[in-house]
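Just below is one structure, and these are the notes that go with it.
What follows is calculated from the coordinates using simple rules that are stated; it is not laboratory data. Treat the numbers as computed from the prediction; the structure is a model and nothing was measured. Quick reminder, even Gly has a Cβ in these numbers, built from the backbone with ideal geometry, and neighbours come from all protein chains shown.
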Number of protein chains: 2
Amino acid sequence: MTVSRVLRHSGDVSEKTRAKVLEAAKRLGYVPNRIAGGLASQRVNLVGVIIPSLSNMVFPEVLAGINEVLEDTPLQPVFGLSRYDPPHEEKVLFEMLSWRPSGLIVTGLEHSEASRAMLRAAGIPVVEILDLDGEPIDSVVGISHRRAGAEMARAIAGAGYRRIGFLGTKMPMDHRARKRFEGFTGALARAGLEIVDQEFYSGGSGLEKGREMTRALLDRHPDLDFLYFSNDMIAAGGLLYCLERGFDVPGKLGLAGFNGIELLSGLPLRPATMDIQRREIGRRAAQIIADCVEKGLPGKGERVALTPRIDPGHTLRADLARCGQAVRDQV
Amino acid sequence: MTVSRVLRHSGDVSEKTRAKVLEAAKRLGYVPNRIAGGLASQRVNLVGVIIPSLSNMVFPEVLAGINEVLEDTPLQPVFGLSRYDPPHEEKVLFEMLSWRPSGLIVTGLEHSEASRAMLRAAGIPVVEILDLDGEPIDSVVGISHRRAGAEMARAIAGAGYRRIGFLGTKMPMDHRARKRFEGFTGALARAGLEIVDQEFYSGGSGLEKGREMTRALLDRHPDLDFLYFSNDMIAAGGLLYCLERGFDVPGKLGLAGFNGIELLSGLPLRPATMDIQRREIGRRAAQIIADCVEKGLPGKGERVALTPRIDPGHTLRADLARCGQAVRDQV
DNA sequence: CTGAAAGCGCTAACAT
DNA sequence: ATGTTAGCGCTTTCAG
């Protein structure tokens, strides 16, 4: 009846009745039932967001970006965690879809076949985020991790470093880390270089892990002149270890991480890193969904390629990078 | 009809029909519509979780605990962010309630009057988490921040420190930080001590913030012998600053933070801290909801008081703490 | 064991 | 500007 109209601020209602209804609603503590509403109107203003984990520092920022734009719309984000595990992602996705959301934002381009089928069949806008290297289902916004890895390799090689070690996650689970690694080694190869040694770990990334891995690697190869970490947290741990042990950073030993997390700027010395604009990725993805919902499109197949920037930190400072080994030795 | 029965694994269905239905469902890519289901059954297996923010490292761990126990139940968590802002919390809460969740977990005991009214009227189990100092609406699981602050004060005073500085968030927003501060200063007063000076900040906590504040405070009072930070992240920043500047930590200058975050264990030296068992808090809260839902209770008014433990780090090591100033001077 | 019927609390379309 | 009516896709209850 009329009540519904005023509560939804739609249609023509006289000022008087509107006031009366609002008053009654407040007095009774009325909370509308969106379940019924959604069923009747065949749409719910929910946007499902599936990310691998929250313990990463990366994803909360993406969520912040998503929130930021959805707040100016009637849409509401709902989160689910895939744990870097396709079968689990499938389950979460199924749950989400059973709520008939207006749109979906999922991490990465790798999904189980069933997940891809569901996504395609859902008839709603789907945005895959954070990665560009692969076949998107509908829209995609992110960076090319292969290229990111390659660029870092070129910067490092260009700065004159030659004996490079790699430290990162065991990669079966994390496709983006794997692509970065591939891009990295590929570009090194083209520069006639090869990783001297590597060290892998699994589990959450913490400073401590970074320390341990760095120690292990440097114990095996004290002559390394560069350490490339697959994320900033372990890079920070590695840096602290190196400083403690008196390694000459960045003079004789360069460090680089990945992600551009804020933590780095608090360290005594900043490893190089690469900012992937997590917040912007969230914003753009949400914007695509919002556009589609507004226009009633079931997706728009947009591709937003963001460009990660190398942050040289104190390791790849431009003046050093330009001149290579010779200059570095003078420092 | 029968289909509904097999999909819900309930009631008596012959093996043959069950198989037939399942096959058809899979073939058609059928995803049940929980909106209709929820409306019909008048219940939804959603648990609303409202936390202030994700950028804090504290809350993701609580969420992990919640997830952990809800995974063994049919319940599903749904997150909302209150941004430390009661009016916004009210809005988020209203949204959540409009989905008629089976239970609610909210952070803290301070809510707007309207929020409290909604919570009470919802007729579902409500668990307030992370704080104990105040009047709960229904159940509560957390620690007493007043006591936590007081205990840290006693430990610091007991270890012989006398010229104590405080560094923390501007507290209008964060009630738990405020209570800690009150407990801290109260206990110091009882020991005949007083904070020499303090430094406040607002905005996200990062290493950098910790550095800046520490510098400001130590510039004003180079003779401080202890710095109590309102969280571990700024404590870590402070530590790095002190080490860089060659302050004799922990010999002449002790440091303590709060939260027991993993980051600390990667630092060259660990400030004292207090572990509040965030994950356990999440687990217990979720368990209460799950119990109530299973038994059909609209709440059980349970009170779970967890005891935070002081982690002395390298600053309040027991051997030093016992003997006070004299011993510290020998170190 | 399976089918039929009656809603759940709303919205949308159509009267008035 | 307001009231009326017919579902939305399920679950629940009650009959076969």
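Run the numbers on the range B:1-142 and let me know its relative contact order in percent, using alpha-carbon pairs under 8 Å that are six or more apart.
It comes to 19 percent, rounded to a whole number.
From zero up to wherever the largest Cα-Cα distance of the protein assembly as shown sits, split into 20 Å bins and tell me the percent of pairs in each.
Final binned percentages: 17, 45, 32, 6, 0.
Taking every DSSP beta bridge that has both residues in chain B, what percent is antiparallel when rounded to the nearest 5?
10
Across the residues of A:207-214, average count of Cβ atoms on other protein chains within 10 Å?
If you average over the peptide's residues, the count of other-chain Cβ atoms is 3.
Just grab the label-to-label distance for residue A:95 and residue A:28, each label 7 Å out from Cα along the Cβ direction, in nm (one decimal).
It is 3.3 nm.
Using Cα centres only, tell me the gap between the range A:51-97 and the range A:112-177 in whole Å.
So the separation of the two Cα centres works out to 17 Å.
Among the DSSP beta bridges whose two residues both lie in the protein assembly as shown, what percent are antiparallel, rounded to the nearest 5?
Numbers: 6 of 74 bridges.
Given both bridge residues lie in the protein assembly as shown, the antiparallel proportion sits at roughly 10 percent.
Go through the range B:306-315 residue by residue and turn each phi into a ³J(HN,Hα) via Karplus (6.51, -1.76, 1.60, θ = phi - 60°); whole Hz please, and just put x for glycine and proline.
With the stated coefficients, the range B:306-315 comes to 8, 10, x, 10, 6, 9, x, x, 9, 8 Hz.
Provide A:92, B:49 in ascending order of the number of other Cβ atoms located within 10 Å of each residue's Cβ, fewest first.
By the 10 Å Cβ count, ascending, the order reads A:92, B:49.
Distances in nm, one decimal, shortest first, from residue B:135 to the same residue in every other copy, taking the label point 7 angstrom along Cα→Cβ.
6.2
One decimal, nm, shortest first: give the distances between the label point of residue A:112 and those of the same position in the other copies, each label point 7 Å from Cα along Cα→Cβ.
Label point to label point, same position, other copies: 4.2 nm.
Could you list A:144, A:112 so that the one with the fewest beta carbons within 10 Å of its beta carbon is first and the one with the most is last?
By the 10 Å Cβ count, ascending: A:112, A:144.
Per 10 Å bin, what percent of the C-alpha pairs of chain A does each bin hold, from zero upward?
5, 23, 27, 18, 13, 7, 4, 2, 0
Convex hull volume of the Cα atoms in the range A:41-189, per residue, in Å³? Each step should come with its number before you reach the end.
Working: hull volume 17.7 nm³, N = 149.
Measuring per residue, one finds 119 Å³ for the Cα hull of the range A:41-189.
Run the simple label-point estimate for residue B:135 and residue B:191 please: 7 Å along Cα→C-beta, distance reported in nm.
3.4
Under a Cβ-Cβ cut-off of 13 Å, what is the net charge of the residues other than residue B:280 that fall near it, where Lys and Arg count +1 and Asp and Glu count -1?
Local charge sum for residue B:280: +2.
Show me the trypsin sites (Lys or Arg not before Pro) within the range B:126-233 that DSSP assigns to loop and that have at most 13 other Cβ atoms within 10 Å of their Cβ.
For trypsin sites (Lys or Arg not before Pro) across the range B:126-233 that sit outside H, G, I, E and B with at most 13 neighbouring Cβ atoms in 10 Å, the list reads B:170.
List, shortest first and in nm to one decimal, how far the label point of residue B:246 (7 Å from Cα along Cα→Cβ) is from its counterparts in the other copies.
Relative to the other copies, residue B:246 has label-point distances of 1.7 nm.
Given a Förster radius of 30 Å and the C-beta distance between residue B:110 and residue A:41 as r, what FRET efficiency does 1/(1 + (r/R0)^6) yield to the nearest 0.05?
0.25
Hey, got the Cα dimensions of the range B:114-184 along the principal axes, in Å, largest first?
Largest to smallest, the principal-axis extents are 51, 22, 12 Å.
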